[in-house]
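First comes the structure, then the notes that go with it.
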Amino acid sequence: MKQNLQSIQPVIMWKIARDEWRYWFRSKLAVVALLIGLTCTMSTVVVSVGDAFELEHQRGHAQQQSEQTFVNQPDRHPHRMVHYGHYVFKTPPPLGMVDPGVDSHTGNTIFLEGHRQNSATFADQKQSSGTTILGALTPAFVLQVLAPLLLVIMGYGVVSRERETQTLSILAAQGLGYGNLILGKISALLLVAMLMLLPLAISGIVVLSQGESLLTLSLFLVGYLLYLSIWILIIVSISLWAKSNSVSFSTLAFTWLVLCILMPRVATTVAGVMVPAAGKLEKDFAVAAELRQLGDGHNAKDKAFVQLEAELLKKHKVNRVEDLPLNFRGFVALKSEAEITSILNRYAEDRMHEELRQSFFARQFGWLSPQVALRTLSMLTAGTGLETHHRFLRETENLRFNFVQRLNQAHTNKLNYIDDMNRNKSEAAGQIARISAKNWNVIEGFKFRSSPSKERALQAMTPLAQLLLWFGMFGLFLRNLQRHYS
Amino acid sequence: MMRHLVREWRFLLGQNNVVILLCLCCALSSFAIYSGHQEIVAQHFTIERLQLAQQQDQQDILAKHKTPGSLAYYQFHLTYQTPSHLSFAALGDRDLYPWKHRIRMLALEGQIYESDVANPELAYIGKFDFSFLISVLAPLFVILMLHDIIANERNKGRYELLVVTASGSVVLWGYKTLVRFLALSLSMLAPFYIGSALNDVPLYDVLHVSILVLAYLAFWAALTLWFGRQSIFAPRIAATLIGFWVAVTCVIPITGNLLIEKNIEVPKGSEILLLQREIVNQAWDIPAETSLTEFVKTHPEYRVYTEMSEGFHWKWYYAFQQLGDQAVAHLAFDYRNAILTKFDLGGYIAMFAPPVLMRRQLSRMAQTDVISALRYEQSIRDFHQALRLYYYPYLFELHLFDESTLADMPQYSDFARL
Amino acid sequence: MKRNTQTLPISIDAQQLVVTLNNKKILNNLSFQVSSGEVYALLGGNGAGKSTALKTLLGFHKPVSGQAVIEGLAVSTSLSAIRKKIAYLPENASLYPHLNAFENIEYFLSLAAVHKTHAEIKISLQQVNLQQDAWQKPLSKFSKGMRQKTAIALALLRDSPILLLDEPTSGLDPVAIDEFNQLVMSLAKQGAAILMVTHDVYGACQVAQRIGLLRDGALVGEFVADGGHQIDTEQVHKAFTAGVID
């Protein structure tokens, strides 16, 4: 007898849910599992929030120091400062305290200097002790991998235990509607899920105070709730379908293994095989070959700049380079840097594009595992995914180009050409070929922010769709399992 | 004995869910071996391509730069670490630590920490290789296969009849367990054997890995059986065992890691770079004699050749590059040491976390762990030193530099693996 | 109480068995003997201790005091040797549902390290009257009576001198019960000692030479068949229900 929506009675649902909780309280296994699960969530949230604050402080301090050091350099030849370079540090975004994402695997320091684009170095993972296998115990990990396991351990018997003790047929004979039964069981498990999400919600307040927008925070929390709800639907479906408690548990444990432990790694492995990306080093050779065509920017007499020299002479209507109103070496440095940068940027964009294609491929596995979908949603919303790292690379590149060119500009306008050409003749000559340290104020304060919340929310739409599909699928599946009940 | 094995094997074939699990294990193992193999093949090809590109690059540079000073400045040298025979089974940290590097004669400390990272999003999740399958997943499969052997019979009311009929508990449970255990182990090892053949793995290593895998899985099987006797509720047995698995796979390693992190001071990598930068850039501002005098302290053979006729000489330039390296040598040493210490301490933690222990063993055998990465780093340092020793006589004008001397330039080679 | 004067060797000897489970005394100085060639029915209501008694003889429960001796061997010391001589028919006779009759029997015989040919198994199945078209069907398709027959066929093939039967006729229809009784009696004639635990008074009287009345873990009465006649059902029934009404 199919039950229609009108006969859903919240009171009956509530009774079913309460009975399930009573069963759990009397089951040693359920109580122990629940306590361990809650302890895990709580402790990871507390530790992560603490760590995030410390990290922000550390890196912010290092950033400040780096800026100070640059500005405090003495009078120098401007090109020395181009090679002296500047360090920038990446600070994690507010939600990064819950889901640090790729932060442990990207470097968090970049050295910005002229003529080169360096990669980020000193990823934290490189100096870990190598004991962790499944990744760090972040709140994200606990909720994505361990929380479903907890739900499985508590909920594997919601319907199958009734079937085994044959109370299910008694309930059915008494007229308990299918909808009421299922919704009641779901509610019981939903309460467990909410308890697990509570520490996360509380940390949300901290996150908001750090400047995260309500939109992304809500999307983040909704994603996690949706994910755990999907698991609840899976658990109730299989518990209903299974003939016995042990079949239910084995099937659910196996499902958890496949969806949460296996699938994510299969996704990255397949992505690596299907979309191979050449390493940076290989590209370096191609880059070097192209750069060699440009000529050496340190040498104003290089053949490549002959035409440039001719044009400039013509423009300023003089016959000798020495008579130009600007420093030709500095001018060459400006030009050269611009050309090098455009080549380097081209390669960098290609590489980032390639990485995105790989990630995109891996994220498609979200259609095959809700955990992959949630992980993507979580990283994108929090701003700790690949896109944000690329944004960091682009912003630091802008910073680099700007300060280098400003230095080159100072080189062109503030340093006399003849002094410059004579700089190596002697010690004294070297002292003359310098400009004032006041010119070092070209570094802007750098604070990296992840992309605006609307942009992140938009990026997260695909994984959200994946989660909604899963939800819909199992919701439908559950409706159609009614024949297993009556 | 054979009869018993055959009986239980036939019995096993009749149980659909077990057969499905075995097929799945074999499929997963095949996938892991296949993708690992592909990765290693790709790495070999990459090295070949890099070597070709390097040759081309070298020719171009040699054509353009003739003096030792500028040659040393512009020429990049390729260094790399070929994957070992067993790498296909345990990719280890090869996607975390670089296994290829281009360096030139400038200060090494400014170059050596550059990383050629793979896609961080993929590296952060990690790859699915044979090592992961055995260390992390296989125990779960063992648990699922063996946890309800006894409880199942109790539940179905066959327990007493079986115990009374069987001529001994070994005949009854021993063979059942053995057949399942062997079937599971072999379903996962078979693809590994195929992979080993394709990768020319020495027989000794194949045996070694087989014994490790069997011993590891036997541990889990014994644990499962012991728990399996305690209760008649199969789900309870399995849940407890999975809880134990979570403890040794997540909780203990992470707690151990935290303890190690809190107790071992690692100099910040950025400190090394910053200090080195300071020293090198300072050298431009101080008198050249100061730098050269400092340099001569460690290279007394060049004492008479430190004359500077102009403001810039390549010999002075490279001298202060070396001084920069020397200034941070202790920090770099501490950094490296700290990593090694952490790794060693991780070994103690691993004794309480079998999956970690297994993984470390396999990575060690495949030479894809941090020890190998540090060995590679050391080989780069050694090569860089050889480069310096080659160039200095020419830079300080002890000898004349021409075409014939190019033949003596050190070439990097991937030395025989230990 | 009359005692049988024929001297047959005693196969099963329960001597003052005291067994406690969960701090509750289930068997209270239980003593009885079963001779070879004899069918002994242990009669009792729910909770009287019948199954416990049987399981103690099988070695699953350790008595606090007293001992069980089977074919001269003590259960406490020679369990494996004793088990080789016992064929056991559990309540509900559940075998492997995914295997057919042949496969089930072969499996259990192999466990017992007993080798029987296909032909011998066939004879056994015929002996228990299991219809031939059912022999290749998996046991999940069998009725309870058919499963019972398969289990009995297995017990027969063990060639054991001792048979322990736990509620063998519960859930069987009258025809099956009759067939079963015939089989039991013929086995006893061949010299097996058969201990049957049941609460079916009528059935017990039909087959048993001796009936022991079990109440609260102790034997409160024993009935012996007179020569070739059956034990008087009314008598036993009265004694059985007497304690309940009191």
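General observations
- Filter result (surrounded by fewer than 21 Cβ atoms within 10 Å (Cβ to Cβ), more than 17 Å from A:Gln144 (Cα to Cα) and at the interface with chain B (Cβ under 9 Å from one of its Cβ atoms)) within the stretch A:252-276: A:Val270, A:Val273, A:Pro276
- In the stretch A:65-75 there is at least one residue matching the filter, namely being in contact with a Phe, Trp or Tyr (Cβ under 9 Å, 6 or more places away or on another chain) and not in a helix (DSSP H, G or I).
- C:Gln209 under 30 Å from C:Gly72 (Cα atoms) and of a type outside the set (Gly, Ala, Ser): yes
- Residue identified as at pLDDT below 95, over 22 Å from the mean Cα position of the chain (by Cα) and acidic (Asp, Glu) among B:Asp129, B:Asp200, B:Asp148: B:Asp148
- Options B:Gln38, B:Gln15: the member that is free of Cβ contacts under 8 Å to residues at least 12 places away in the same chain, farther than 19 Å from B:Phe192 by Cβ, at the interface with another protein chain (Cβ under 9 Å from one of its Cβ atoms) and not basic (Lys, Arg): B:Gln15
- Filter pass, B:Ile150 being assigned to a helix (DSSP H, G or I), more than 8 Å from every other protein chain (Cβ to nearest Cβ) and β-branched (Val, Ile, Thr): yes
- Single match in B:Leu212, B:Leu223, B:Leu172, B:Leu186 (criterion: surrounded by 15 or more Cβ atoms within 10 Å (Cβ to Cβ), touching a Phe, Trp or Tyr at 6+ places or on another chain (Cβ under 9 Å) and in a helix (DSSP H, G or I)): B:Leu223
- When A:Ala286, A:Ala271, A:Ala253, A:Ala277 are checked against the criterion of being touching a helix residue (DSSP H, G or I) at 6+ places or on another chain (Cβ under 8 Å) and not in a helix (DSSP H, G or I), A:Ala277 stands alone in meeting it.
- The listed residues are B:Leu86, B:Leu96, B:Leu21, and the only one of them that is crowded, with 19+ Cβ neighbours inside 10 Å, at the interface with chain A (Cβ under 10 Å from one of its Cβ atoms) and at pLDDT 90 or above turns out to be B:Leu21.
- Among residues of the stretch B:69-121, those that are β-branched (Val, Ile, Thr), touching a Leu at 6+ places or on another chain (Cβ under 9 Å) and under 15 Å from B:Gln385 (Cα atoms), counted: 1
- Residue selected from the stretch B:298-309 under the condition surrounded by fewer than 14 Cβ atoms within 10 Å (Cβ to Cβ) and not β-branched (Val, Ile, Thr), by the criterion modelled with the lowest pLDDT: B:Ser309
- In the stretch C:63-94, the residues that are more than 12 Å from every other protein chain (Cβ to nearest Cβ), of a type outside the set (A, V, I, L, M, F, W, C) and in contact (Cβ under 8 Å) with a residue 24 or more places away in the chain: C:Pro63, C:Ser65, C:Gly66, C:Gln67, C:Glu71
- Here the condition is being among the hydrophobic types (A, V, I, L, M, F, W, C), within 13 Å of chain B (Cβ to nearest Cβ) and either within 30 Å of B:Ala338 (Cα to Cα) or without any contact (Cβ under 8 Å) to a residue 60 or more places away in the chain (or both); of A:Ala136, A:Ala173, it holds for A:Ala136 alone.
- Inter-residue pairs, beta-carbon under 9 Å, first on the phi > 0 side of the Ramachandran plot and in the stretch A:206-225, second assigned to a helix (DSSP H, G or I) and buried (at least 21 other Cβ atoms within 10 Å of the Cβ), 6+ apart: A:Gly211/A:Pro94
- Restricting A:Thr69, A:Thr39 to those that are within 13 Å of chain B (Cβ to nearest Cβ) and under 23 Å from B:Leu258 (Cα atoms) reduces the list to A:Thr39.
- The set of residues in the stretch B:323-354 being buried (at least 18 other Cβ atoms within 10 Å of the Cβ), aliphatic (A, V, I, L, M) and away from every other protein chain (no Cβ under 11 Å) consists of B:Leu323, B:Ala327, B:Val328, B:Leu331, B:Ala332.
- Of all the numbered requirements in (1) in contact with a Leu (Cβ under 6 Å, 6 or more places away or on another chain); (2) away from chain A (no Cβ under 14 Å), B:Arg236 misses one, and that requirement is (2).
- Filter result for B:Val142 (in a helix (DSSP H, G or I), at pLDDT 90 or above, within 13 Å of chain C (Cβ to nearest Cβ) and surrounded by 19 or more Cβ atoms within 10 Å (Cβ to Cβ)): no
- The residues of the stretch A:329-354 that are surrounded by fewer than 20 Cβ atoms within 10 Å (Cβ to Cβ) and farther than 30 Å from A:Tyr417 by Cβ, listed by number, are A:Arg346, A:Tyr347, A:Glu349, A:Asp350, A:Arg351, A:Met352, A:His353, A:Glu354.
- Set B:Ile61, B:Ile40, B:Ile103: member being β-branched (Val, Ile, Thr) and touching a Pro at 6+ places or on another chain (Cβ under 6 Å): B:Ile40
- Cβ-Cβ distances below 6 Å connect the following pairs, each with a first residue in the stretch C:95-109 that is farther than 17 Å from B:Arg154 by Cα, a second residue that is assigned to a helix (DSSP H, G or I), and a separation of six or more residues or different chains: C:Ala101/C:Thr150; C:Ile105/C:Ile121; C:Ile105/C:Leu154.
- Flag if C:Ala176 is more than 11 Å from C:Leu43 (Cα to Cα) and touching a strand residue (DSSP E or B) at 6+ places or on another chain (Cβ under 9 Å): no
- Qualifying positions in the stretch B:259-277 - in a helix (DSSP H, G or I) and more than 8 Å from every other protein chain (Cβ to nearest Cβ): B:Leu259, B:Lys262, B:Asn263, B:Glu271, B:Ile272, B:Leu275, B:Gln276
- Restricting the stretch A:213-251 to residues that are under 28 Å from A:Glu455 (Cα atoms), surrounded by fewer than 24 Cβ atoms within 10 Å (Cβ to Cβ) and of a type in the set (Ser, Thr, Tyr), the residue that is modelled with the lowest pLDDT is A:Ser213.
- Residues that are away from chain B (no Cβ under 12 Å) and in contact (Cβ under 8 Å) with a residue 24 or more places away in the chain do occur in the stretch A:349-361.
- Selection count where residues are of a type outside the set (A, V, I, L, M, F, W, C), surrounded by 19 or more Cβ atoms within 10 Å (Cβ to Cβ) and within 30 Å of A:Thr44 (Cα to Cα), scope the stretch B:241-289: 7
- Screening the candidates A:Glu444, A:Glu355, A:Glu387 for the property of being acidic (Asp, Glu), modelled with pLDDT under 90 and touching a Leu at 6+ places or on another chain (Cβ under 8 Å) yields one hit, A:Glu444.
The values are calculated or read from the model by the stated rules, or taken from the named source; none is laboratory data. The structure displayed is predicted, hence computed values, not measured ones. Please note: Cβ atoms are built from the backbone with ideal geometry, for glycine as well, and neighbour counts cover all protein chains shown.
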